[in-house]
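Worksheet: one structure, shown below.
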Amino acid sequence: MIQRHRVLNLYKRVLRVNSVLPPDLRHLGDVYVKVEFRQHKDAGPQFVEQFIREWSKYCQELGQNHKIS
């Protein structure tokens, strides 16, 4: 249950970070994120940590480039 909560919070964070992108890129990014998270919703625990780590890194890098927390 905690894992699900972490993933849902990360999903919201990614969509929020994508808001700094130009409209066309934002739409493309949002669609990609939705598909990725949906495809991995039944991933095994051994993959979830890496999934969270990589998407967190994406948020951090995009946030730093656009000064978002």
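Six or more apart or on different chains, Cβ under 6 Å: which pairs go from a residue in region 14-39 that's within 15 Å of GLY63 (Cα to Cα) to one that's at pLDDT 95 or above and open to solvent by 70 Å² or more (accessible area, probe 1.4 Å)? Could you list them?
ASN18/ARG26
Looking at TYR11, TYR32, which one is open to solvent by 80 Å² or more (accessible area, probe 1.4 Å) and hydroxyl-bearing (Ser, Thr, Tyr)?
Working: TYR11 fails: open to solvent by 80 Å² or more (accessible area, probe 1.4 Å).
Checking each option against the conditions leaves just TYR32.
Do you know which of the residues in region 21-43 that are farther than 18 Å from HIS5 by Cβ and assigned to a loop (DSSP other than H, G, I, E, B) is nearest to the chain's Cα centre (by Cα)?
By that ranking, first place goes to LEU21.
Hey, could you check region 4-13 for residues that are of a type outside the set (A, V, I, L, M) and free of Cβ contacts under 8 Å to residues at least 24 places away in the same chain and say which is nearest to LYS41 (Cα to Cα)? Walk me through it before giving the result.
At the first step, the residues of region 4-13 found to be of a type outside the set (A, V, I, L, M) are 4-6, 9, 11-13.
With free of Cβ contacts under 8 Å to residues at least 24 places away in the same chain added as a condition, the list becomes 4-5, 9, 12.
Details: ARG4: 9, HIS5: 12, ASN9: 14, LYS12: 15 Å.
Out of the qualifying residues, it is ARG4.
The values are calculated or read from the model by the stated rules, or taken from the named source; none is laboratory data. Here the structure is a predicted model, which is why all the values come from computation and not from measurement. Cβ coordinates were reconstructed from backbone atoms using ideal geometry, including for glycine residues, and neighbour counts include every protein chain displayed. Side chains included, ligands, DNA and RNA excluded: accessible areas come from the protein's heavy atoms. Shrake-Rupley method; radii C 1.70, N 1.55, O 1.52, S 1.80 Å.
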